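To start, the structure itself, in structure tokens.
The values are calculated or read from the model by the stated rules, or taken from the named source; none is laboratory data. Predicted model only: the values in this text are computed from it and were never measured. Quick reminder, even Gly has a Cβ in these numbers, built from the backbone with ideal geometry, and neighbours come from all protein chains shown. For the accessible areas, the whole protein counts, side chains as well, though only heavy atoms, and no ligand, DNA or RNA atoms are used. Shrake-Rupley method; radii C 1.70, N 1.55, O 1.52, S 1.80 Å.
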Amino acid sequence: MTCNSDNYPRISAALIDMDGTLYNSMPNHARAWKLLMDEAGIPAREEEFYLYEGATGAATIDRLILRTWGRHATDAEKRDMYARKAELFVQQPPVQLMPGARELVEALRERHILTVLVSGSGQNSLLGRLDTDFPGAFPVERRVTSASVAHGKPAPDPFLRGLELAGVSAHQAIAIDNAPLGTTSAVAAGILTVGVLTGPIPAAEVIRTGVHILYHSMDECAAILPRLIDRINHPLPVLS
Ligand code: CA
């Protein structure tokens, strides 16, 4: 364990979510989900899909069908509707970097904080961009994706796997995620958890998951969090 001289552990790893945190991809997902449900004749609001962020596509389809038609989705419905949703997603405008994301990642790396991706995603269109958009920050061996764990967010497993990949204990890490299912997962893993509001999810939905710190944008997170980590890792000497 890495310790300060007074035995306080340092923050030495940052476990960072992808969709809605590094990339402003949630509007495209929500729009694709809404278009899919319109085609299927299932009433839905575009905003609600932000709350299902982190859940599997099959779980979201089942939730909406159960709510509308009073029965569970069949396997064929889950498969066919998710395939159609993926078609609709790629028809959306190009996904942009979340403002502030690059600055945050650079600030963490300047401080020799190990950066690890903890995503529920398997979408190669974004995973394939990480090396270009964040050079050196998220090599393949430091990525938790949909294929990495049996139980995704809100279970603690993705962030616990992230700790393993970083080689640190929970108290040596910080987690950064924008969605309630993600922050629930990180808190359950015992990690100091930063929630970041980057879309229409109300602050209360993130706060009630037990986050320790909340920022209102990734720009704000990038401006403040590195200095907070500096203070944690380099506490002022106690005056006597
Ligand atoms: Ca997210």
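Things to note:
Rundown of residues vs (1) surrounded by 15 or more Cβ atoms within 10 Å (Cβ to Cβ); (2) closer than 18 Å to L127 by Cα; (3) under 24 Å from the mean Cα position of the chain (by Cα), yes/no style:
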| residue | (1), (2), (3) |
| --- | --- |
| R45 | no, no, yes |
| A55 | yes, yes, yes |
| R67 | no, no, no |
| T74 | no, no, no |
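- Among residues of the stretch 198-233 being farther than 30 Å from F49 by Cα and free of Cβ contacts under 8 Å to residues at least 12 places away in the same chain, the one that is farthest from the chain's Cα centre (by Cα) is R231.
- The selection criterion, being in a loop (DSSP other than H, G, I, E, B), open to solvent by less than 20 Å² (accessible area, probe 1.4 Å) and within 16 Å of the ligand (Cβ to nearest atom), does not hold for T60.
- L114 being open to solvent by 40 Å² or more (accessible area, probe 1.4 Å) and among the hydrophobic types (A, V, I, L, M, F, W, C): yes
- Scanning the stretch 129-156 for residues that are within 16 Å of the chain's Cα centre (by Cα) and small (G, A, S), we see that the one that is surrounded by the fewest Cβ atoms within 10 Å (Cβ to Cβ) is A147.
- Unmet criterion (only one of (1) within 21 Å of E103 (Cα to Cα); (2) surrounded by fewer than 22 Cβ atoms within 10 Å (Cβ to Cβ); (3) within 16 Å of the ligand (Cβ to nearest atom)) for R227: (3)
- Within the set G199, G190, G162, the sole residue that is open to solvent by 30 Å² or more (accessible area, probe 1.4 Å) and within 16 Å of the ligand (Cβ to nearest atom) turns out to be G199.
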